[in-house]
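Heads up: the structure comes next, in structure tokens.
The values are calculated or read from the model by the stated rules, or taken from the named source; none is laboratory data. Quick caveat: nothing in here was measured; it's all calculated off a predicted structure. Positions of Cβ are generated from backbone atoms using ideal geometry, with glycine treated the same way; all protein chains shown enter the neighbour counts. Ligands, DNA and RNA are stripped out before the accessible areas are found, and what is left, the full protein with its side chains, is counted by its heavy atoms. Shrake-Rupley method; radii C 1.70, N 1.55, O 1.52, S 1.80 Å.
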Amino acid sequence: MANFRDVNLLTRLDRLPITPRVVGIIALLSLVWLAEAFDIGIVGPVLTTLEKAWHLATWQTGLLAIASTIGIVIGMIPAGMMADRFGRRRVILMGIAWFSVVTMLGALTRNVADLFLVRLVAGIGEGAVLPMPYLILSEFTNHRRRAVSVGYANGILTAAYVVPSLVSVWALHHYAQDVAWRVPFLLGGVPLLMLVPIALWLPESPRYLLDKGRQGPVARLVEALEQEAALPHDESLYDEVIAETLDETPHDMLRTLRAIFRPPLLARSAMVILHLTAALILFYILQVFGPALLAKRGLGVSNSILDTGLMMLLAGFGSVCQGYLSDRFGRKRVLAAYAALATLGCLLFAWVQTREATLVAGFLTAFFGLGIFPVSKLSVAEQYPTEVRGRGVYLAEMIARGMSGIVTTYFIPFVISVGGDRVVFLGIAVVLLAFTAPFVAFGRETAQLQLEYASSVLPLKRVRPRLSRH
């Protein structure tokens, strides 16, 4: 029998609107992603400068491009288990401190081997932090506004990738090349300042706390949010759908990592990993090699770095729009539309070389391709019950980033040297369609569902909350 107090608190949490304090939590999580974006985003601009300054060979460019992603994948292995055992908030604080300190050391490196090692070690901290904001938001916001909240936070993350581009362009105009590329690494320590507001004001995930039997902090948080929203502290409110889901879910089975590799979570994992991989392949290619690809079209190094950053800024608006649309029309429909329009942009990049067509292609791939992540990431978190959500999200991110940010990214310089950027963009177009189709056709539609029901191991039926008072 589901614990009455747990069901009551989850019911009250799920009915809460977006209050000022929730907006503050979204802002704090956006700070987390802002720090992450700067640290990851320095790779492309720095590589564009170092290719000439250090006369990098193709294999060296490939290694530096994937160094931080290797670290991200390594970092995700323990971070998912730590998030489920010790809490979401602690992992965020630890990860930001780790990658900020290590990134500053990158300014002292003098050869490819040292820079590779620094980026790999920094990536371990990045891997701990990267999935956490959308994991927390999925567990915090109500079923009607989950995608909107993730859309805003992810929009800030994506748009923030313009910051390292601007910093790099500024450094190139004020310092010699051998100094200019070091400036972004020195500024990588700035996120340490963000630890203070995050430690003071970011609450732990209420669903994580309930899973650990800590009802007191959740009750105080829910009451504070209810007071802010002018809602009564109704301790008799009871959502029967949540209660039935908790009753029928075999929680003992979900306490181990093996549950993710068994039906029904195995098929869900495979589908969300595929479409997340497709989105990340486009992201990594544009974020790491975008400046170089645009420079080959005669735009110049500074303009190419700036234009790539502006694409990220445009993608931020695409992310916010996707959040609104997917809460209203469903995750799968909006994901299909974004993937199709991003594919069209890639085909234009591949086949048309005029300035006008390049602008249209840049808009489509940025707004719809780079702006696809709210649904891609949120739908991952919505597949897993609370007991294994941290491990499930981190496992999906680890595999998707391994295939996209390591394997694919490493070979892109070789592909460009042999077939040019046309082959790259045609390949992205094929992957976007092929990898997104299984989730669109057979995936679990989780929009407008309470998180406990959306993520349960039970077959889905389209239900509304069934509220009663006990």
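Of the residues L395, L341, L378, only one is among the aliphatic types (A, V, I, L, M), in contact (Cβ under 8 Å) with a residue 40 or more places away in the chain, surrounded by fewer than 24 Cβ atoms within 10 Å (Cβ to Cβ) and part of a helix (DSSP H, G or I); which? Step through it out loud before you land on a result.
Working: L341 fails: in contact (Cβ under 8 Å) with a residue 40 or more places away in the chain; L378 fails: surrounded by fewer than 24 Cβ atoms within 10 Å (Cβ to Cβ).
On inspection, the qualifying residue turns out to be L395.
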Counted residues, region 210-228 - those being open to solvent by 30 Å² or more (accessible area, probe 1.4 Å), more than 26 Å from the chain's Cα centre (by Cα) and touching a residue at least 24 places away in the same chain (Cβ under 8 Å): 3
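Kindly evaluate A361 against the criterion of being in contact with a Ser or Thr (Cβ under 6 Å, 6 or more places away or on another chain), aliphatic (A, V, I, L, M) and open to solvent by less than 30 Å² (accessible area, probe 1.4 Å).
Values: in contact with a Ser or Thr (Cβ under 6 Å, 6 or more places away or on another chain): no; aliphatic (A, V, I, L, M): yes; open to solvent by less than 30 Å² (accessible area, probe 1.4 Å): yes.
Spelling it out, it is not the case that A361 is in contact with a Ser or Thr (Cβ under 6 Å, 6 or more places away or on another chain), aliphatic (A, V, I, L, M) and open to solvent by less than 30 Å² (accessible area, probe 1.4 Å).
Which residue, of F425, F439, is modelled with pLDDT of 90 or more, more than 20 Å from the chain's Cα centre (by Cα) and under 22 Å from L370 (Cα atoms)?
Numbers: F439 fails: more than 20 Å from the chain's Cα centre (by Cα).
Among F425, F439, only F425 is modelled with pLDDT of 90 or more, more than 20 Å from the chain's Cα centre (by Cα) and under 22 Å from L370 (Cα atoms).
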Top-ranked residue of region 5-20 - restricted to ones that are of a type in the set (A, V, I, L, M, F, W, C) and crowded, with 22+ Cβ neighbours inside 10 Å, ranked as farthest from R89 (Cα to Cα): V7
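For the condition surrounded by fewer than 22 Cβ atoms within 10 Å (Cβ to Cβ), modelled with pLDDT of 95 or more, under 22 Å from L449 (Cβ atoms) and not aliphatic (A, V, I, L, M), what is the one hit in R328, R333?
Details: R328 fails: modelled with pLDDT of 95 or more.
Among R328, R333, only R333 is surrounded by fewer than 22 Cβ atoms within 10 Å (Cβ to Cβ), modelled with pLDDT of 95 or more, under 22 Å from L449 (Cβ atoms) and not aliphatic (A, V, I, L, M).
In region 149-168, what count of residues is obtained for those that are within 16 Å of the chain's Cα centre (by Cα) and open to solvent by less than 10 Å² (accessible area, probe 1.4 Å)?
Taking region 149-168 first, the residues within 16 Å of the chain's Cα centre (by Cα) are 149-161.
Restricting the remaining residues to those that are open to solvent by less than 10 Å² (accessible area, probe 1.4 Å) gives 149-151, 153-155, 157-158, 160.
Residues meeting the conditions: 9.
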Filter pass, L341 being among the hydrophobic types (A, V, I, L, M, F, W, C) and at pLDDT 95 or above: yes
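Looking at region 39-48, is at least one residue among the hydroxyl-bearing types (S, T, Y), open to solvent by 10 Å² or more (accessible area, probe 1.4 Å) and either in contact (Cβ under 8 Å) with a residue 24 or more places away in the chain or touching a Leu at 6+ places or on another chain (Cβ under 7 Å) (or both)?
Yes, because at least one residue in region 39-48 is among the hydroxyl-bearing types (S, T, Y), open to solvent by 10 Å² or more (accessible area, probe 1.4 Å) and either in contact (Cβ under 8 Å) with a residue 24 or more places away in the chain or touching a Leu at 6+ places or on another chain (Cβ under 7 Å) (or both).
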Near pairs, Cβ below 7 angstrom, 6+ apart or cross-chain, from region 196-209 (within 20 Å of A381 (Cβ to Cβ)) to any residue that is small (G, A, S) and open to solvent by less than 10 Å² (accessible area, probe 1.4 Å): E204/G87; Y208/G87
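Which of the residues that make up region 103-148 are under 16 Å from G371 (Cβ atoms) and either surrounded by 23 or more Cβ atoms within 10 Å (Cβ to Cβ) or of a type in the set (F, W, Y) (or both)?
Our first condition is that a residue be under 16 Å from G371 (Cβ atoms); within region 103-148, this holds for 134, 147-148.
Selection gives Y134, A147.
Only one residue in A447, A400, A429, A366 is touching a residue at least 12 places away in the same chain (Cβ under 8 Å), touching a Leu at 6+ places or on another chain (Cβ under 8 Å) and closer than 17 Å to M271 by Cβ, so which one is that?
On the way: A447 fails: touching a Leu at 6+ places or on another chain (Cβ under 8 Å); A429 fails: closer than 17 Å to M271 by Cβ; A366 fails: closer than 17 Å to M271 by Cβ.
Only one candidate passes the filter, namely A400.
In region 345-359, what residues are in contact (Cβ under 8 Å) with a residue 24 or more places away in the chain and in a helix (DSSP H, G or I)?
Step one: list which residues in region 345-359 are in contact (Cβ under 8 Å) with a residue 24 or more places away in the chain, which gives 345-347, 349-351, 353, 358.
The answer is G345, C346, L347, F349, A350, W351, T358.
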Every residue from region 236-267 that is at pLDDT 80 or above and among the acidic types (D, E): D239, E240, E244
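From the list L347, L335, L370, L280, pick out the single residue that is over 18 Å from S404 (Cβ atoms), of a type outside the set (D, E, K, R) and out of contact with any Pro (no Cβ under 6 Å at 6 or more places or on another chain).
Selected residue: L347, the only one of L347, L335, L370, L280 that is over 18 Å from S404 (Cβ atoms), of a type outside the set (D, E, K, R) and out of contact with any Pro (no Cβ under 6 Å at 6 or more places or on another chain).
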Filter pass, V23 being open to solvent by 50 Å² or more (accessible area, probe 1.4 Å) and either hydroxyl-bearing (S, T, Y) or farther than 22 Å from S168 by Cβ (or both): yes
